[in-house]
Amino acid sequence: MLKNIFVISDTELGQGDIFDDFKDEELLIKFIKKITAEKGKNTLVLNGDTFDYMKMPYQNKFTHHITEEISLWKAKRIYETYPKVFQALKTFLNKTANRIHFNIGNHDLDLLWPGVQKYLKQILGNPNKITFGLQFDNKEVHIEHGNQVDYFYKIDEDKPFIKYKGQTLLNVPIGYTAIVKYFIALKEEFPYEEKIYPRHTAFENFPDFKKKKQSISRNFIFRGLIFNFIVGIGDPIANVPYINLFKHILNHGLEIHDEQKFLQKRFKNMSKIYPDKQAYIMGHLHITHHELISGKEHTQIVTDTWREEFRMSKNKKSVLAPRTYAQVRYEGDKITTIDLLNFA
Ligand SMILES: [Mn+2]
């Protein structure tokens, strides 16, 4: 029997405000319709950052104290903003053999809440064909968003929630706190520049953007990292995982922007934890990457973002990031192709 695993990542659906970078509703629906028309047994892996809960204010404020109630409110806002996307997913699931797996990324950690999972199952229908997790694995393929091999965004799998002042909160990683407490101001002041990747091209072309980024970074280092350490007690969610920051430096030195440099180490770390797969697929980096590692005979794929984002060269020419998806095709139990494809 024919079988496919389709993977897309980083669509980042929000609530249609200035923090919502998802603009390609029609194209995404077209993609879901295309895979719905495929014969055989098809699995769609939404590989993390499917939704952008992280950059979504609640009661006009950003907070790193996320209760289940806040996450549910955001889930409903996303549904109200993009009902046609959910309708397309629902139609995909209505085909007997199809299923959807949500991998949880750093922008949609809120999917960890049982109440949010229940809500999504309810609006998509076919609850038995929907699963959630930090990875999707079978014998041949390993798929994860990529934040679990990123020391700024790695979450504590054994402790996804934390009790603080009588409330149960999402145990968000340091990168999350850094964005909502410090770096979100960069997005408000430079909405266009913030959408330019690789980051260093944005810094080279827009000095004011770079200056602002540096000033926020200094503030974050002094207040977020050092002051927090001196104070010691207090907000457990803003606690700094120094050990993870140290591991980042061990792996990557002081580099914090060049995704291409992170990629090999991260795939290596991933294949140590999940050995002997034919394909390793991640997102998160907002780049396109497809490489056959000979000798080890496996394929590495990074799918690019579907949010509105631009690729810029030194002469300030910019193009929209390509919309990409991975497709692993089976005939019977054997993989026949592992592709990274453009969708337009
Ligand atoms: Mn991510």
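Computed from the coordinates by the stated procedures, all read-outs in this text should not be read as laboratory data. These figures come from a predicted structure and were not determined experimentally. Positions of Cβ are backbone-derived with ideal geometry, glycine not excepted, and every protein chain shown enters the neighbour counts.
Relative to the longest principal axis of the C-alpha atoms of the chain, give the angle of the C-alpha long axis of helix 259-273, reported between 0 and 90° and rounded to the nearest 10°. That helix lies at roughly 60 degrees to the long axis.
If you take the Cα centroid of the stretch 1-78 and the Cα centroid of the stretch 197-224, the two points sit 28 Å apart. Residue exposure proxy: VAL172, VAL240, ordered by other Cβ atoms within 10 angstrom of their Cβ from fewest to most, comes out as VAL240, VAL172.
Run lengths n ≥ 4 of DSSP H only: what is the helix-derived mean residue ellipticity at 222 nm for the chain, with -39500 (n - 2.57) per run over all residues, to the nearest 500? Spell out each step's value before the answer.
Details: 11 runs with 110 residues, N = 344.
-9500 deg cm²/dmol, from helical runs alone.
Given their separation in residues at 0.36 nm each and the Cα-Cα distance between them, ASN219 and ASP339 gain 38.9 nm when the chain is fully extended. Taking other residues whose beta carbon is less than 10 angstrom from the beta carbon of TYR325, and scoring Lys, Arg as +1 and Asp, Glu as -1, yields 0. Between LYS272 and LEU27, what FRET efficiency follows from the Cβ-Cβ distance if R0 is 25 Å, with the result rounded to 0.05? The pair LYS272/LEU27 has a calculated efficiency of 0.10. Protection proxy ranking for 107-114, 45-52, using the average of other Cβ atoms within 10 Å per residue and placing the highest first: 45-52, 107-114. The loop-placed trypsin sites (Lys or Arg not before Pro) in the stretch 1-89, going by DSSP, that have at most 16 neighbouring Cβ atoms within 10 Å of their Cβ come out as LYS23, LYS39. P(r) for the chain, from all Cα pairs and a bin width of 10 Å, is 5, 25, 35, 26, 9, 1, 0 %, short bins first.
Full-extension gain between GLU80 and ILE18, please, as 0.36 nm times their residue separation minus the C-alpha to C-alpha distance. If you can, show how the numbers build up before the last one.
Details: separation 62, 0.36 × 62 = 22.32 nm, distance 1.63 nm.
That works out to 20.7 nm of additional length.
Dipole magnitude for the chain: computed about the Cα centre from +1 point charges on Lys and Arg Cβ and -1 point charges on Asp and Glu Cβ, it is near 160 debye. Comparing GLY40, GLY295, GLY14 in a Gaussian network model of the chain (Cα springs below 10 Å), the most mobile by mean-square fluctuation is GLY295.
Kindly provide the GluC sites (Glu not before Pro) of the stretch 118-157 that DSSP labels as loop, not H, G, I, E or B, and whose Cβ sees at most 16 other Cβ atoms within 10 Å. Numbers along the way, then the final one.
Values: sites: GLU140, GLU144, GLU157; in loops: GLU140, GLU157.
Answer by residue number: GLU157.
Cα-based values for the stretch 121-168, radius of gyration first and Dmax second, are 15.0, 45 Å. For the stretch 35-98, the alpha carbon convex hull comes to 102 Å³ per residue, rounded to a whole number. GNM on the chain, alpha-carbon springs under 10 angstrom: the most fluctuating residue among ASN42, ASN128, ASN94 is ASN128. Globularity index of the stretch 250-344 is 1.22 (Cα radius of gyration / 2.2 N^0.38 Å, N = number of residues).
Between ASN138 and PHE227, the simple label model (points 7 Å from Cα in the Cβ direction) yields a spacing of 5.1 nm. Each of LYS247 and ILE162 was given a label point 7 Å from its Cα along the Cα-to-Cβ line. The distance between the two points is 1.6 nm.
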